[in-house]
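> Handing you a structure now.
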Amino acid sequence: MIRAAIAAGTAVAFGGVVAAGTGGAMHDAAGALGRIAAAGTAGVVVADAPDHAAVVHAPPGTALLAVGAGTLSVLSPGHVAIMGSGDDTGLDVDYTGLGDTAASGDVERGSPVGHVAAAGAGITVRAELDGEALDTPALLRAALDGAAAAGTWTRPVEGAVVTQPFGCTPYAMEPFDRSCASGHFHSGIDLAAPMGTPIRAALDGVAHVVVSATGYGLHVIVDSGNGLSTLYGHMSSVAVHDGDEVSAGDVIGAVGSTGNSTGPHLHFEVRRDGIAEDPTLDLALP
């Protein structure tokens, strides 16, 4: 199910120094997209495309399914869009390149939306939640594989306050990025919490412990496979060894202020194929 919440007037700052600011949409995309093809369908491959779109390849005649519930509209031959409703309100999905399409009307998850026309024909799928592009390829692959990334995200810290969001930032101590008007970019989200607050793994994976006096300080990276990893920075201590297998919800360390930090907080990152993405695309924070 899609669960969306709007946070307005959220305090934003670096580390533990809080300043007034404006929040944005935050949502939990656990299970955000359903299966694109029926269980047991052979030959379904989901490839990456620009701007977080996916290209789905499948044998001719394969039925492609609604990955969210809502109202289906036929926009042109082979092109349909689903505007989410009910539990999927805010989830909009677009399919182009279908050989044929279902009729306009209400659909549930798993309802056929059309069929693959010919061998090699790629169907482009784009999904947005609350107007923000989702990482459609990763979520479609996770739904097909039944992977943990699709449905078992755990908040890394309970009772925290978001003190700096993901994205361009005015803070000069953040890495330089010429694409930002401010010249600086924050590659994660900062979650302020009391020193020693337990930090939990957001996903299953293999833990890697990194000790540094600067940057992220003492931190842990959890590799969940398929190019997906999460990073937990500025820890005061760790509760795992390098190479340990961890499950979502396991305590992996404690909140601290090591490295480049102005107060006790967790710097939390989500990376897909090495590229940082907004963590609030994957789970509700704080």
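> Hey, among the residues in the range 58-85 that are modelled with pLDDT under 95 and among the polar types (S, T, N, Q), which one's surrounded by the fewest Cβ atoms within 10 Å (Cβ to Cβ)?
Ser85
> Looking at Pro156, is it in the same structural domain as Gly225 (by TED's automatic domain parsing), touching a residue at least 12 places away in the same chain (Cβ under 8 Å), in contact with a Phe, Trp or Tyr (Cβ under 9 Å, 6 or more places away or on another chain) and at negative phi?
Taking the combined requirement at face value, the residue satisfies it.
> With the structure loaded, tell me whether Val211 is within 13 Å of Ile252 (Cβ to Cβ), assigned by TED's automatic domain parsing to the domain that holds Asn260, hydrophobic (A, V, I, L, M, F, W, C) and at pLDDT 95 or above or whether it fails that test.
no
> Kindly list, by first and then second residue, each pair from a residue in the range 111-122 that is more than 15 Å from Thr101 (Cβ to Cβ) to a residue that is part of a loop (DSSP other than H, G, I, E, B), limited to pairs with Cβ atoms under 8 Å and residues at least 6 apart or on different chains.
Here the result reads Ala118/Pro60; Ala118/Gly99; Ala119/Pro59; Ala119/Pro60; Gly122/Gly97, each pair linking the range 111-122 to a residue that is part of a loop (DSSP other than H, G, I, E, B).
> Let me ask you something else. Which pairs do you get when a residue that is of a type in the set (D, E, K, R), found in the range 181-196, comes within reach of a residue that is modelled with pLDDT of 95 or more, reach meaning Cβ atoms under 7 angstrom, with the pair 6+ apart or on two chains?
Asp190/His265; Asp190/His267
> If a residue counts only when it is touching a strand residue (DSSP E or B) at 6+ places or on another chain (Cβ under 9 Å) and not assigned by TED's automatic domain parsing to the domain that holds Pro198, which strands (runs of 3 or more DSSP E) contained entirely in the range 219-265 have at least 1 such residues?
none
> Could you tell me how many of the residues in the range 227-248 are small (Gly, Ala, Ser), closer than 17 Å to Leu266 by Cα and touching a Lys or Arg at 6+ places or on another chain (Cβ under 8 Å)?
2
> Moving to a separate point now. Among the residues of the range 206-213, is there at least one that is outside any strand (DSSP E or B), at positive phi and not polar (S, T, N, Q)?
no
> A further question follows. Here is a check on your reading of the model: is His52 surrounded by 14 or more Cβ atoms within 10 Å (Cβ to Cβ), at pLDDT 90 or above, under 23 Å from the mean Cα position of the chain (by Cα) and within 30 Å of Pro286 (Cα to Cα)?
So His52 passes the test.
> Quick check on my filter: what residues within the range 271-286 are touching a residue at least 60 places away in the same chain (Cβ under 8 Å) and in a strand (DSSP E or B)?
Arg272, Ala276, Glu277
> Return a yes/no flag: does the range 159-178 have any residue that is in contact (Cβ under 8 Å) with a residue 40 or more places away in the chain, out of contact with any Leu (no Cβ under 7 Å at 6 or more places or on another chain) and in the same structural domain as Pro77 (by TED's automatic domain parsing).
Checked the range 159-178: no residue is in contact (Cβ under 8 Å) with a residue 40 or more places away in the chain, out of contact with any Leu (no Cβ under 7 Å at 6 or more places or on another chain) and in the same structural domain as Pro77 (by TED's automatic domain parsing).
> For the range 132-142: of the residues being in contact with a helix residue (DSSP H, G or I) (Cβ under 8 Å, 6 or more places away or on another chain), at pLDDT 80 or above and in a helix (DSSP H, G or I), which is surrounded by the fewest Cβ atoms within 10 Å (Cβ to Cβ)?
Checked the range 132-142; the qualifying residue surrounded by the fewest Cβ atoms within 10 Å (Cβ to Cβ) is Pro137.
> Can Leu283 be described as of a type in the set (A, V, I, L, M, F, W, C), crowded, with 18+ Cβ neighbours inside 10 Å, more than 21 Å from Val161 (Cα to Cα) and under 14 Å from the mean Cα position of the chain (by Cα)?
When the stated conditions are applied, Leu283 does not pass them.
> Please find, within the range 183-205, the residue that is surrounded by the most Cβ atoms within 10 Å (Cβ to Cβ) out of those that are outside any loop (DSSP other than H, G, I, E, B) and not hydrophobic (A, V, I, L, M, F, W, C).
Among those that are outside any loop (DSSP other than H, G, I, E, B) and not hydrophobic (A, V, I, L, M, F, W, C), it is Asp190.
> Kindly list, by first and then second residue, each pair from a residue in the range 77-105 that is without any contact (Cβ under 8 Å) to a residue 24 or more places away in the chain and among the polar types (S, T, N, Q) to a residue that is assigned to a strand (DSSP E or B) and surrounded by fewer than 15 Cβ atoms within 10 Å (Cβ to Cβ), limited to pairs with Cβ atoms under 9 Å and residues at least 6 apart or on different chains.
Filtered contacts from the range 77-105: Ser85/Thr71; Ser85/Asp106.
The values are calculated or read from the model by the stated rules, or taken from the named source; none is laboratory data. This one's a predicted model, so the numbers in the text were calculated from it and none came from an experiment. Here Cβ is always computed from backbone atoms with ideal geometry, including for glycine, and neighbour counts include all displayed protein chains.
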